[in-house]
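A short worksheet on the structure shown next.
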Amino acid sequence: MEPNADRTLLKLGVNVLLPCLIADTVLGNSLLAKASDLAFPPLLGFGLIVGSMGIVALMLAPLRLPHETHSAGIITAGIQNFGYLVIPLVESLYDKETLGVLFMHNLGVDIAMWSVGCWVLVKAKRGDSWKHLLSAPGLAVIGSGGLNLLHFNQWLPAFFRKSLHMLGQTAIPLAILLTGATMFDQMRQTTQEPFKYKPVTLALLARMAVLPMLVLAIARWFPMPAALRNILVIQAAMPSAMMPVVLCRMHGADSKFSVQIILASTALGFFTIPLWIRFGSTFVAG
């Protein structure tokens, strides 16, 4: 897989396959049948990301890092992987309806990343970041949620519904391939970059220990539907997301520091993800 092919496949996955997966899991979803069901998950996702970035900012503050490095650490350690690692886990551990709730939750995460996250990087709101709020997956979440309230799934022809399902099922296998290719490209680009041991260690402490406990505490003691509680258990276990490194490059932040956090947290995730999920499931159940 060449880098040029990666970009083309990424566009296909984000603009076609992932929206089909979203529509397939949201349309006809009984857990998203009321307007209130559609509002709370994105609000919770937005609030958790903003709170997480605030905690990371406080933990990194004593190091007095340059703004480019400090801001890159905040957005990278503050945003967990909420897509391509989470989706197959939710799909395998729970049911299709829970996956639909995940997409609603992720809408709030996306908004927080492209608004507050970009503000952290540039210390001023940039108009060009808001256009990303209208990405194909975001529009698919909003559109599918609205159509589900109207019971639109009952009116869809069977062939169209099956086409959505078949295209949607290809989204995750393709995404996992692209995730591996992206990690390889990042490792190749950072072989000569000195490793920032102390900042990375603090960022990992936040991402892999402090923030998981915060999310699990909210899942246990804050009233919410069971499906959303299960989603938070998975989200708490996740390493850093990969999209922040793209934002760091866009806004002139320390993208190499961002890559170091991503690679280190992902490597640790092979060991910590199952442990956090097992502990979180027991802890949240009370």
Name the residue, out of SER281, SER255, that is in contact (Cβ under 8 Å) with a residue 40 or more places away in the chain, within 23 Å of LEU178 (Cα to Cα) and of a type in the set (S, T, N, Q). SER255
Which one of these does LEU10 not meet: (1) at pLDDT below 90; (2) crowded, with 17+ Cβ neighbours inside 10 Å; (3) not acidic (Asp, Glu)? (2)
Here the residues within the range 70-82 that are modelled with pLDDT of 90 or more and either touching a strand residue (DSSP E or B) at 6+ places or on another chain (Cβ under 8 Å) or not in a helix (DSSP H, G or I) (or both) are THR76, ALA77, ILE79, GLN80, ASN81
For the range 132-172, give me the residue count where each residue is modelled with pLDDT under 85, loosely packed, with under 13 Cβ neighbours inside 10 Å and more than 24 Å from ALA33 (Cβ to Cβ). 1
Go through (1) touching a Pro at 6+ places or on another chain (Cβ under 6 Å); (2) surrounded by fewer than 22 Cβ atoms within 10 Å (Cβ to Cβ) for ALA236 and report which single condition fails. (2)
Using beta carbons and a limit of 7 Å, which pairs, at least six apart or on different chains, have the first residue in the range 67-83 and within 14 Å of VAL259 (Cα to Cα) and the second one acidic (Asp, Glu) and at pLDDT below 95? GLU68/ASP254; THR69/ASP254; ALA72/ASP254
Residues that are surrounded by fewer than 20 Cβ atoms within 10 Å (Cβ to Cβ), over 12 Å from GLY280 (Cβ atoms), over 15 Å from the mean Cα position of the chain (by Cα) and touching a residue at least 40 places away in the same chain (Cβ under 8 Å): does the range 220-227 have at least one? yes
Name the helices (runs of 4 or more DSSP H) wholly inside the range 1-69 in which the number of residues that are among the aromatic types (Phe, Trp, Tyr) and closer than 23 Å to ALA217 by Cβ is 2 or more. 35-60
For the range 13-36, give me the residue count where each residue is surrounded by fewer than 17 Cβ atoms within 10 Å (Cβ to Cβ) and touching a residue at least 24 places away in the same chain (Cβ under 8 Å). 6
I need the full set of residues from the range 256-286 which are over 13 Å from SER240 (Cβ atoms) and either buried (at least 22 other Cβ atoms within 10 Å of the Cβ) or not hydrophobic (A, V, I, L, M, F, W, C) (or both), in order please. LYS256, PRO274, TRP276, ARG278, GLY280, SER281, THR282, GLY286
Please give the helices (runs of 4 or more DSSP H) falling wholly within the range 196-286 in which 2 or more residues are modelled with pLDDT under 95 and of a type in the set (Gly, Ala, Ser). 226-236, 255-285
By residue number, the members of the range 43-87 that are surrounded by fewer than 21 Cβ atoms within 10 Å (Cβ to Cβ) and within 14 Å of LEU232 (Cα to Cα) are LEU43, PHE46, GLY47
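The values are calculated or read from the model by the stated rules, or taken from the named source; none is laboratory data. Fair warning: this is a prediction, and the values are worked out from it, not measured in the lab. Cβ sites come from the backbone with ideal geometry, for glycine too, and all protein chains shown count toward neighbours.
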